[in-house]
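Take a look at the structure set out below.
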Amino acid sequence: MNDSTQTIETFANQEYKWGFVTDIEADAIPRGLNEDVIRLISAKKHEPEWLLEWRLKAYRHWLTLKEPTWANVHYPPIDYQDIIYYSSPKAKKDGPKSLEEVDPELLKTYAKLGIPLKEQELLAGVAVDAVFDSVSVATTFKAKLNAMGIIFGSFSEAVQEHPDLVRQYLGSVVPTSDNFFAALNSAVFSDGSFCYVPKGVRCPMELSTYFRINAKDTGQFERTLIVADEGAYVSYLEGCTAPMRDTNQLHAAVVELVALDNAQIKYSTVQNWYPGDKEGKGGIYNFVTKRGACRGVNSKISWTQVETGSAITWKYPSCLLIGDNSVGEFYSVALTNNWQQADTGTKMIHIGKNTTSTIVSKGISAGHGQNTYRGGVKILKSAAGARNYSQCDSMLLGDKCGAHTFPYLEVKNTSSQVEHEASTSKIGEDQIFYCRQRGISTEDAVSMIVHGFCKEVFRELPMEFAVEAQKLLGVSLEGSVG
Amino acid sequence: MALLEIKDLHATVGEREILQGISLTVEAGEVHAIMGPNGSGKSTLAQVLAGRELYAVTGGQVLYQGQDLLAMPPEDRARAGIFLAFQYPVEIPGVSNMYFLKAALNAIRKQQGTDELDAFDFLNLVREKMTLLDMDQALLNRPVNTGFSGGEKKRNEIFQMAVLEPKLAILDETDSGLDIDALKLVAHGVNALRGAERSMIVVTHYQRLLNYIVPDYVHVLAEGRIVKSGGKELALQLEESGYAGLGIADEEEAVGKV
C-alpha cells in the first residue's frame, strides 16, 4: 500500500472522540413497548389528556405498519420490545429550574463535548437546549429570547406552558401515520425542542439543540417543532453525539418546521452519533423524519446537514412548498466510512406557483462505507412556473466503498423547469501527487480535496457549525480563500 | 558541487524498464533540453525526479545538492526547490487556485525557515507574478485548473513556478497543446525566470519550444538512454533531419502526425 492510500485510510479511520459515558443515575422505565408504557411516559411528563390520546392513536397505527425495507441499508431485525423507551438523568426535584440546579456531572459532560451550558461561558451568539437521553436538561438565554416573544425550550415545557401552540402545530407537517418510525416517535417521544418566533421577529442568535444519548439500550425519540410566524426568521442548529457501545441503539426523531407568509427557517445539522467500530460493531441507527412546510407566500426553508456519524442513517429532510413563491433548499454532506451506511436525500414537493427548490448533495464514501442519495422532486399541476435544480456528487476514497444515486422526478406541470446533474469521482493519486509536488503533505492534500468537494455545502452552515463540521472531517482549512 | 547529478538511473513501470541507465549533470543556472520521440522515457525521467510512486527506481543514483534525492518523498523534494510543470495539470474542484498556491508557498517557506506570508503579502506577490504571464485575475479565484483551457492550464503551471521560485524547474512538454501565441507567452514567462540560481530541465518532443527557450545543452533520449548530447545546435539539427536522421525510430513521424 503506498503512502497516499495509507493517508486516505488514516483520514477515514479517525477515532471517535465523543464516545465516553457519563456515570449518572438514571430514571429508566422497564424495557418494551405497550399502551401502559406510553401512559407512563405521558404521566411522567404530566401531559394533558389530548396528548396522551394522540400518542395512543399513533401507537395503534404503528402496530399496523411494517418497518420499511426500500432503503439501501442492511441490518438485523430490531427487537422493539428490547428497547428502553424512556430514561432521564435522575434529578433531586422534578427538574432543574435554572442552570444552577443542573447536575454538575451533566455540565461536565457538555463541557467535555464543547457545549458550555454555564451562562458565563456561553458562545455569545448561540442559545442551547441540551437534551440528555430522553429529556431536556438545560436551555440557555431563555429569558432574553422571551423578552422578544421568542419561545425556545424543551418540548415538555412547551406542552405545559403553550399547549395551544403545540396542539395547533404538532403533527401538522409529519402526521402520526406518516411512516413507521414517525408513528413510533409520535407514540413514545419523550422530549425535544420547541421554538416559536412571533410575527415580524428576526431571532438575533442561532438557536441550537444538542442531543446526547448516554444510557445503555435506550432509544432516543425526540421531537422538534419550529414555527416561524409571518415575516419571522430563525436559524436553528442541531448537534448529536453518543457513547461508544458495542450494541446498536435506535434514534428515531421527528422534526417539523412551519413557515408562514414571508417567514424563513434555516435548519442546520451536524450529526455525529457514534458510527460503530472499525468492524462495524455497535453504532446508532439514525432513522429520522424531517419535514418543513412552507405554508405562506414567499416563505423559505433551508436544510443543511453534515452527516458523519451513525451506523445507519435513514433521513430525508423535505419541503412542502405550498405558498406561492416559496423556496426550499437542501444542502447535504454525508460521509460513510468503515461499515457505515447512509441512505439520505430529500423530497421537494412543489404545490404553489413559482415555487423553487435547490438540492446539493455531496456523498463521500471511504472504507467499506455505502452512501446512497435518494431524492424526490414532485411538481404538482398547481405549481405553475416551478423550478428545481439538483446536483448530486459522490466521491470515493479507496476501492471497497460504494456510492449510489436514486433521483425520482415527477412533473405534472409543463411550465416548470427541472435540472439534474450528477457526478462520481475518485480521489485520485494524480490529485494527491500534484499537491505533494507543490510541497503540500499527503494529509493536507486529502483534506484539501475533500473540502473542496464539500465547499458548496459548508458555506451554507452558520459560522460556529462550519468550524465544527470542518474539524469533523479531520480538516483544518484556516485562511481559505474564495 | 553540481545542483543535480543523475548517475546510471534505471526505472520501471510494472515489468517494463523505461529508463535504462541515464546519466546527466546539471549545474546551477543551466538550462538542459531533453528531447526524444514518444516512449523514449523523457516524461518518465521528469516524473521520477519529482518522486512519482508509479515508477520503481531499480538502479542508479540521483544527488540533488549532494543529497540522495530518491530517498526523499515528493513533498520534501518540492520544499527543497524542485518544481515540475505538469504535462497534464490536475484539476482540484472546489479548491481555489489562490488557496492552493498559498498552501504550497507556505509549506515551502516553512521548510526553508522563512516566515509564512500573510494574505496581504501573498496577494502582492501574486499580482506581481501574474503580470509576467498576462494572467487574468479571475483565474486565481477559480478552482485549481478546473474548467481551464489547455493554454490556461499550462500558463498556470508557469505562474505557479514564478510564485514558488524553485531551484530546479522541470518543464514536462509545456509546449504541447499550445498555439504559437500561447507558446510565446509561456516562453516569455519561463525566460523571465532564468537566472544564475535557477536550473531548468525542459522536456519536449519538438524543437519549436527551443526557439523561444534557448537551452545551454540538448540531450536526445531514445529507448531510455541519452544517445546524443550537444549544444543548442543539436536541436536545430534534429529539426532538419528529424529523429530518423539520428537513426531513432519515432512512432509519430512514422504515422505522419508531425
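The values are calculated or read from the model by the stated rules, or taken from the named source; none is laboratory data. Keep in mind it's a predicted model, so treat the numbers as computed, not measured. Cβ: placed from backbone, ideal geometry, glycine included. Neighbour counts: every protein chain shown. To get the accessible areas, we keep the full protein, side chains included, count just its heavy atoms, and leave off ligands, DNA and RNA. Shrake-Rupley method; radii C 1.70, N 1.55, O 1.52, S 1.80 Å.
To the nearest 20 debye, what charge dipole does segment B:4-246 have about its Cα centre, counting +1 at the Cβ of each Lys and Arg and -1 at the Cβ of each Asp and Glu?
80
Counting only other chains, and only Cβ atoms inside 10 Å, what mean value do you get across the residues of A:423-436?
For this peptide, the per-residue mean of nearby foreign Cβ atoms is 5.
Can you work out the FRET efficiency for the pair B:Thr58 and B:Arg194, with r the C-beta to C-beta distance and R0 = 30 Å, to the nearest 0.05?
0.35
Beta carbons within 10 angstrom, averaged per residue: use that to sort the peptides B:140-146, B:40-46, B:72-78, highest first.
Packing order, densest peptide first, comes out as B:40-46, B:72-78, B:140-146.
Between A:Tyr80 and A:His404, take the C-beta separation as r, use R0 = 25 Å, and let me know the FRET efficiency to the nearest 0.05.
The pair A:Tyr80/A:His404 has a calculated efficiency of 0.35.
How long are the semi-axes of the equivalent ellipsoid of segment B:4-246, taking √(5λ) for every eigenvalue λ of the Cα gyration tensor, in whole Å from largest down?
Semi-axes from the Cα gyration tensor: 29, 21, 16 Å.
Which far-off residues, 5 or more places away or on another chain, put their amide H under 5 Å from the one on A:Val360, with H placed in the peptide plane?
A:Phe330, A:Tyr331, A:Ser332, A:Gln391
How do A:402-410, B:151-159, A:185-193 rank on mean C-beta neighbours within 10 Å, highest first?
Output ranking for A:402-410, B:151-159, A:185-193: A:185-193, B:151-159, A:402-410.
Once the Cα atoms of helix B:119-133 and of chain B are each reduced to a long axis, what angle between those two axes, in degrees from 0 to 90 to the nearest 10, is obtained?
40
Across peptide B:71-79, how many C-beta atoms of other chains are within 10 Å of each residue C-beta, on average?
That works out to 5 on average.
Please report the accessible area of A:Lys300 (heavy atoms, 1.4 Å probe, ligands and nucleic acids excluded) in Å², nearest 10.
Roughly 50 Å² of A:Lys300 is accessible to a 1.4 Å probe.
Rounded to the nearest 20 Debye, what is the dipole magnitude of segment A:247-300 about its Cα centre when Lys and Arg each give +1 and Asp and Glu each give -1 at the C-beta?
140
Provide the per-residue ³J(HN,Hα) series for segment A:285-293, in order, calculated from phi with Karplus coefficients 6.51, -1.76, 1.60 and θ = phi - 60°, each as a whole number of Hz, with x at glycine and proline positions.
Coupling constants for segment A:285-293: 8, 9, 10, 10, 10, 10, 8, x, 10 Hz.
Sorting check: for B:174-186, A:68-80, which peptide has the highest mean count of neighbouring beta carbons within 10 Å, and how do the rest follow?
B:174-186, A:68-80
Taking H as built 1.01 Å from N, whose amide H comes closer than 5 Å to the amide H of A:His420, not counting residues under 5 places away?
Residues meeting the amide H criterion: A:Ser390.
Beyond 30 Å between alpha-carbons counts as too far, so tell me which of B:Lys7/B:Lys167; A:Lys44/A:Lys266; A:Lys45/A:Lys378; A:Lys44/A:Lys378; A:Lys108/A:Lys142; A:Lys412/A:Lys455 fall in that bin.
A:Lys44/A:Lys266; A:Lys45/A:Lys378; A:Lys44/A:Lys378; A:Lys412/A:Lys455
First obtain the Kirkwood hydrodynamic radius of the protein assembly as shown from its Cα pairs, then insert it into the Stokes-Einstein equation at 25 °C and 0.890 mPa s, and state the resulting D in µm² per second as a whole number.
85
Using the Cα centre of chain B as origin and beta-carbon charges of +1 (Lys, Arg) and -1 (Asp, Glu), tell me which of B:Ala182, B:Gln87, B:Gly147 is placed farthest towards the positive end of the dipole.
Farthest towards the positive pole: B:Gly147.
As a test of reading the structure, rank A:Arg438, B:Arg208 by solvent-accessible area (1.4 Å probe, protein chains only), most first.
Result of the area sort, largest leading: B:Arg208, A:Arg438.
How large is the direction-averaged shadow of the alpha-carbon convex hull of segment A:227-358, in nm²?
With every direction weighted equally, the projected area is 6.9 nm².
Check which residues have an amide H placed less than 5 Å from A:Ser193's amide H, if you skip close sequence neighbours.
For A:Ser193, the qualifying residues are A:Phe155, A:Arg223, A:Thr224, A:Leu225.
Mind checking B:81-92 for the average number of partner chain beta-carbons within 10 Å of each residue's beta-carbon?
4
Order B:His32, B:His10, most accessible first, counting only protein heavy atoms with a 1.4 angstrom probe.
Reading off the accessible areas and sorting them downward yields B:His10, B:His32.
Suppose every K and R has +1 on its Cβ and every D and E has -1 on its Cβ; what is the size of the dipole of the protein assembly as shown about the Cα centre, in Debye to the nearest 20?
Its charge dipole is roughly 1720 debye.
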